[in-house]
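Down below is the structure, laid out as structure tokens.
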Amino acid sequence: MARSPTLAELRRYAIARSLFKPVTLPAAIRRLGFVQADPMRAPARAQDLILFQRVRGYRAGDLERRYERLGIEEDAFVNYGFIPREMQALLHPRTPRNTWDSATVRRAREVLDFVQERGEVHPREVGEAFVHHGRVAGYWGGELNASTRLLEHMHHHGWLRVCRREAGTRVYQAMSHPTQDESPQARRARAEALVDAIVALYAPLPSPSLGYLVTLLRHGAPQLSAETRAVVKAARERYGHTVVDGTTWFWPAGESPVSRRHQPGEGVRLLAPFDPVVWDRRRFEMLWNWAYRFEAYVPAPKRTMGHYALPVLWGETMVGWANLRMERGRLKYQLGFAGTRPIGTAFQRALDEELARFEVFLTPEN
């Protein structure tokens, strides 16, 4: 029987299995299974920052530019992001937690007819055609057309898909999903596949984090809530696991966290706040013994790390964080450290190499 991994081995395993050798864009998406999206660009969107670390020659915006040819969809999983179409098939037909009243159903059918007639629509077109729907409060303040919010809900309900984006704005097409086998065995199989995808993306996972991520599946597959909870209850039979300092950790069956092949790189990586390596703040603090905070929505005077601090990984150590910005075509940065700044020239040399890569990543191709 293989021995149990130490916390240090779990840390190396977490880094090496997620920050794999760069591959093509389609291969990276297949391997990750889900790429979380965020509209904030500081200095690039989260999805671009995540893929930059895993795709050869990736430039900011490549995902949006190549979206129509990649066989992927924008949809809700544990959060909103990009998933392969085969995973989307596990999430639909979705039964949202909040059902529509009859008036909303009527408006949605009118909008669906409009979309089907035109083939694809920009929210601006729908807003102009259905201005009588009125306006509603925006998520982050202000107001937006009620029809724009309705499009988002129709997308979540599975009536529409995002076919592409124009300057970052979703353009929609009509969509329908085939019926599913609703036998208990088939529902359990879909739930297992979804939880497997969570474990594969975020492993090694402390038990509380696995439970939390599965509760987030209420966004992507609320109709399978009972089944996904049952998978978590049986996690010890389904996944590799160990107990370290009183916490149970899980990883995909068949993998070995103690394998010597799990060796992090020696360079510096600037990681997105939503990167799989750092997404789970509980795991982050357990592995690196300090608390990383995402403070984009914290009032500026109360921030301790900055507006959009990127965790700085050097080898297998999270040494601190960086805030980046482009000024007149040049990348500027500010660093903060969890402890003392690394001594010697090796860290600065590795940081300079990573910043040079970032400048290329952020510079549009001619």
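The values are calculated or read from the model by the stated rules, or taken from the named source; none is laboratory data. Being a predicted model, the structure only gives us computed values, none of them experimental. Glycine also receives a Cβ, built like all others from the backbone with ideal geometry; neighbour counts cover every protein chain displayed. Quick note on the areas: whole protein, heavy atoms, side chains included, nothing else; ligands and nucleic acids left out. Shrake-Rupley method; radii C 1.70, N 1.55, O 1.52, S 1.80 Å.
Quick one: in segment 197-217, which of the residues that are closer than 22 Å to residue 6 by Cβ and polar (S, T, N, Q) is most open to solvent (accessible area, probe 1.4 Å)?
Across segment 197-217, the extreme among qualifying residues is 207.
Name the residues in segment 185-196 that are over 19 Å from residue 242 (Cβ atoms) and open to solvent by less than 10 Å² (accessible area, probe 1.4 Å), would you?
Hits for segment 185-196 are 191, 194.
Of the residues that sit in segment 308-334 and are open to solvent by 50 Å² or more (accessible area, probe 1.4 Å) and touching a strand residue (DSSP E or B) at 6+ places or on another chain (Cβ under 9 Å), which one is modelled with the lowest pLDDT?
Step by step, filter segment 308-334, then rank; the result is 326.
Please list, ordered by residue number, the helices (runs of 4 or more DSSP H) wholly in segment 13-69 having 3 or more residues that are among the charged types (D, E, K, R) and open to solvent by less than 20 Å² (accessible area, probe 1.4 Å).
Helices (runs of 4 or more DSSP H) meeting the threshold: none at all.
From the set of residues in segment 229-265 that are part of a loop (DSSP other than H, G, I, E, B) and among the hydrophobic types (A, V, I, L, M, F, W, C), which is surrounded by the most Cβ atoms within 10 Å (Cβ to Cβ)? Before the answer, list the steps.
Just the residues of segment 229-265 that are part of a loop (DSSP other than H, G, I, E, B), to begin with: 234, 239, 245-246, 252-265.
Applying the additional criterion that residues be among the hydrophobic types (A, V, I, L, M, F, W, C) yields 234, 253, 258.
On the way: 234: 12, 253: 12, 258: 15.
The residue in question is 258.
Just for segment 147-160: of the residues that are in a helix (DSSP H, G or I) and open to solvent by 20 Å² or more (accessible area, probe 1.4 Å), which one is modelled with the lowest pLDDT?
148
Do we have any residue at all in segment 161-168 that's of a type in the set (A, V, I, L, M, F, W, C), in contact (Cβ under 8 Å) with a residue 24 or more places away in the chain, open to solvent by less than 20 Å² (accessible area, probe 1.4 Å) and out of contact with any strand residue (DSSP E or B) (no Cβ under 7 Å at 6 or more places or on another chain)?
Scanning segment 161-168 turns up no residue that is of a type in the set (A, V, I, L, M, F, W, C), in contact (Cβ under 8 Å) with a residue 24 or more places away in the chain, open to solvent by less than 20 Å² (accessible area, probe 1.4 Å) and out of contact with any strand residue (DSSP E or B) (no Cβ under 7 Å at 6 or more places or on another chain).
For residues that are within 22 Å of residue 340 (Cβ to Cβ) and open to solvent by 50 Å² or more (accessible area, probe 1.4 Å), tally how many sit in segment 288-307.
Summing the residues that are within 22 Å of residue 340 (Cβ to Cβ) and open to solvent by 50 Å² or more (accessible area, probe 1.4 Å) in segment 288-307 gives 4.
Which of the residues spanning segment 17-47 are out of contact with any strand residue (DSSP E or B) (no Cβ under 8 Å at 6 or more places or on another chain) and in contact (Cβ under 8 Å) with a residue 60 or more places away in the chain?
The answer is 17, 18, 32, 38, 39, 40, 44.
List the residue pairs whose Cβ atoms are under 6 Å apart, where the first residue sits in segment 67-82 and is over 10 Å from residue 163 (Cα atoms), the second is open to solvent by 30 Å² or more (accessible area, probe 1.4 Å) and among the basic types (Lys, Arg), and the two are 6 or more positions apart or on different chains.
Hits for this filter: 71/85.
Under 9 Å by Cβ, and 6 or more places apart or on different chains, what pairs join a residue from segment 217-246 that is more than 21 Å from residue 81 (Cβ to Cβ) with one that is open to solvent by 40 Å² or more (accessible area, probe 1.4 Å) and part of a strand (DSSP E or B)?
Hits for this filter: 235/241.
Restricting to segment 79-109, give me the number of residues that are in a helix (DSSP H, G or I) and buried (at least 16 other Cβ atoms within 10 Å of the Cβ).
Total satisfying the criteria: 6.
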